[in-house]
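To start, the structure itself, in structure tokens.
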Amino acid sequence: MSARRSPGRRPPARRPRKRRPSRRKRQEEQFLVLAGGGVMAAAVVWAVLSWLVANWWILIVLGAAAAVGGAVWGHRLQQQRAWDRVRQQALRYGLPQLDALHHRDFEYAIRDLMLRDGCTDARQIGGAGDNGADVLATDPLGRTWVIQCKHRVRHEVALFSGRNVRRKVPPSASDQCRSPHSGASLATGLS
């Protein structure tokens, strides 16, 4: 026996699905938006050029200002480079000077010495979360240096390069410099 519906009840009407525009229609809309933007940009450029033709003297003033600004910038850059060369050539530290430095100033001194010796990108990065590296640099031969500084009063310098320890170094210092900076060509600890 088939189930009969009561005459007063109708099934709910289906809602019509929203149709997404076709890909072609979307491309046409994008083209129209781009074409409208291009026309607006061309109109703005035309208006600016028309105004500049009417007021040509502004171009001369802007050109002169740009020339003066460029000359001043070039002169300052040349002076800064000359001053950096003089400062780097005169950079010398004696052991008493190094011993008197604060540990953070010691790291900056090592960075300055690396700059003086041709490492153009030497930078001090020591601090919390530095993974044992206090100074990073790339020498003129393209080798990457990772330097860990331990500023102590004892006049010892501990040098190590990756796994090959040349002088007795605490294992933690050797491990710190080896693992996080495994791409380094040279890892050095200064104390």
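The values are calculated or read from the model by the stated rules, or taken from the named source; none is laboratory data. Treat the numbers as computed from the prediction; the structure is a model and nothing was measured. No Cβ is skipped: glycine too gets one built from the backbone with ideal geometry, and neighbour counts run over all protein chains shown. Keep in mind that these areas ignore ligands, DNA and RNA; they rest on the heavy atoms of the full protein, side chains included. Shrake-Rupley method; radii C 1.70, N 1.55, O 1.52, S 1.80 Å.
The table below gives the values:
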quantity	calculated
Region 14-79, accessible area per residue, ligands and nucleic acids excluded (1.4 Å, Å²)	100
Sparse-neighbour loop sites [trypsin sites (Lys or Arg not before Pro); region 1-102; at most 15 other C-beta within 10 Å; DSSP]	4, 5, 9, 14, 17, 18, 19, 92
Linear extension gain, residue 27 paired with residue 86, 0.36 nm per residue minus alpha-carbon span	15.0 nm
Restricting region 22-76 to chymotrypsin sites (Phe, Trp or Tyr not before Pro) in coil, as DSSP defines it, with at most 14 other Cβ within 10 Å	56
